[in-house]
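The values are calculated or read from the model by the stated rules, or taken from the named source; none is laboratory data. All values derive from a computational prediction rather than experimental measurement. Positions of Cβ are backbone-derived with ideal geometry, glycine not excepted, and every protein chain shown enters the neighbour counts.
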Amino acid sequence: MAPIEGANTPTHPLNHHHHHVEFADHPKPTNESSPDSATVPLLLRPSYARSKSCINDELRNFRVSLKWCALDHSTPTGKAVSYVAFVLLSLVVPLFASLSIRSSSDSEESILFNRVVQIPETALAAIAFLTLSCFFRCYGLRQLLFLDGLGEDSPYVRRGYARELEKSFRSYLTYILLPSFLVELAHKVMFFSNVSVAVPYALGVRSFPSNSIAFVAALASWVYRTGVFLLVCVLFRLTCELQILRFEGFKKLFDGCETDAGVIFKEHVRIKMQLWATSHRYRSFIVSCMVVITISQLGALVLILSSKFKNTFNNSGDIVVCSAVQLSGFFMCLLGAARITHRAQGSVAMAAKWHMLMTCSTASTSFCEKDPITAAPMMDGPLMSDVPSALDSSDQSGEVSTQETCAFRTRQALVTYLQHNNSGITLFGFVLDRGLLHTLFAFEFSLVLWILSKVVVF
């Protein structure tokens, strides 16, 4: 087996600072020890791009968005503001709105649905907020998205990373949050126009706009809780998409017959460790969300089926929007995990195909270069004069045969390794693939049928 390329290449002690994204074939930054770097401002040097949001930081826009959403944990002040905003918008405002809203004769059902919906929305926001707090405290954005090791990837993977980073938050988050916000806005306008809000210390003030203030506070609380939950879902989906790009680069290693098995093994181990880290970081979030969403959806189904009133957009609009957001975010996570697991399982077939092509190529070459003793009678000249050269060629062919045997066994070991390490995203040992999705669907559908059998009376 040929040695791994670059294994003995000495590295500079400052090279670990240069594991950053090099987008669109930009030239590599100069070393900080060079004389020209003395004129470069401190915050613009690559070694400081991880902790500060400088011009060269590809996550600068996302860091700014976190500050505007009160989710910046990079400073003690930002962390304090983040916790205050979470307590105010996720706990205080929903609790105050549930206790202060007074119903009329035709809005009792809508208030009941509104109060029920607050519980899963707050629970999912709390789970997502605690997950983000743990991420920012332990990893940081660059390490969370595995951007520090991007210098080891091919230009194809780096360009794909840049494309995914640019469109992920703008596409996934906006396409779910914006339509849901418009529907929620229309429902809140109808809801607060049919109810009254009783403020304890403003009962004697007739001109106090209690309904307007409650409307703005409730809408802001919904945007915050929904945004925090979808943000974690988008982060997980983005991590899966970036790892899929790495699998695409891993697939290209099997295109050429000159690729060494050691290089392929080393690359797969690197991707495997990143998948293991992703599974370990998000498994509690996914399982907790699955439990909350299941209970929420089944509870909403029971309420709607057992309701004595006619279901309209005014009284059940909260449940519709809440269910749409929950299922969209959760399915985003499940589909992203299933896609990357499918890529991981497909690597076994690629390795087996590559092993077969290499073996056939080696066998055909060996057949053409067989022992020249068999071809000696066909040559001109005395037979015995060619025997010494034939014996030398036989010794060389023996050495080549030994090398070919070692290479074959190495490739076979690689295929066996991939067969036993083809899992992608896992949840406490269970592979999150399409088979698990089918199992979850069958479980949820069975619960729905059970509830229908208990509620619906023919």
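Looking at the range 231-246, can you tell me whether even one residue there is more than 30 Å from W68 (Cβ to Cβ), modelled with pLDDT under 90 and part of a helix (DSSP H, G or I)?
Looking through the range 231-246, at least one residue is more than 30 Å from W68 (Cβ to Cβ), modelled with pLDDT under 90 and part of a helix (DSSP H, G or I).
Among the residues of this structure, A214 counts as one that is in contact with a Ser or Thr (Cβ under 8 Å, 6 or more places away or on another chain), under 23 Å from E109 (Cα atoms), crowded, with 21+ Cβ neighbours inside 10 Å and modelled with pLDDT of 85 or more. The conditions of being among the polar types (S, T, N, Q), surrounded by fewer than 19 Cβ atoms within 10 Å (Cβ to Cβ) and over 23 Å from the mean Cα position of the chain (by Cα) are met by S98. Scanning the range 411-432 for residues that are in contact (Cβ under 8 Å) with a residue 24 or more places away in the chain, within 13 Å of K272 (Cβ to Cβ) and in a loop (DSSP other than H, G, I, E, B) turns up N421, N422, S423, G424, I425.
The set of residues in the range 405-427 being closer than 30 Å to V287 by Cα, loosely packed, with under 15 Cβ neighbours inside 10 Å and of a type in the set (S, T, N, Q) consists of Q419, N421.
For every residue, the table says whether it meets (1) under 22 Å from S288 (Cβ atoms); (2) buried (at least 21 other Cβ atoms within 10 Å of the Cβ).
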| residue | (1), (2) |
| --- | --- |
| T226 | yes, yes |
| L231 | yes, yes |
| R237 | yes, yes |
| C240 | yes, yes |
| F254 | no, no |
| A261 | no, yes |
| K266 | no, no |
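Here S397 meets each of (1) modelled with pLDDT of 80 or more; (2) surrounded by 13 or more Cβ atoms within 10 Å (Cβ to Cβ); (3) assigned to a helix (DSSP H, G or I) with one exception, condition (1).
What do you reckon, is L436 modelled with pLDDT of 80 or more, within 30 Å of K308 (Cα to Cα) and in a helix (DSSP H, G or I)? Criteria not met by L436. If you go through the range 259-306 and pick out every residue that is of a type in the set (D, E, K, R) and outside any helix (DSSP H, G or I), you end up with 1. The set of residues in the range 272-319 being of a type in the set (G, A, S) and farther than 18 Å from V232 by Cβ consists of G299, A300, S306, S307, S316, G317. Of V92, V84, V157, all but one fail to be over 30 Å from V195 (Cα atoms) and of a type in the set (A, V, I, L, M); the exception is V157.
Listed here are the residues, each with its yes/no results for (1) of a type in the set (A, V, I, L, M); (2) without any contact (Cβ under 8 Å) to a residue 60 or more places away in the chain.
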site: L231; (1), (2): yes, no
site: R237; (1), (2): no, no
site: Q243; (1), (2): no, no
site: E248; (1), (2): no, no
site: K251; (1), (2): no, no
site: F254; (1), (2): no, no
site: F265; (1), (2): no, no
site: V269; (1), (2): yes, yes
site: L298; (1), (2): yes, no
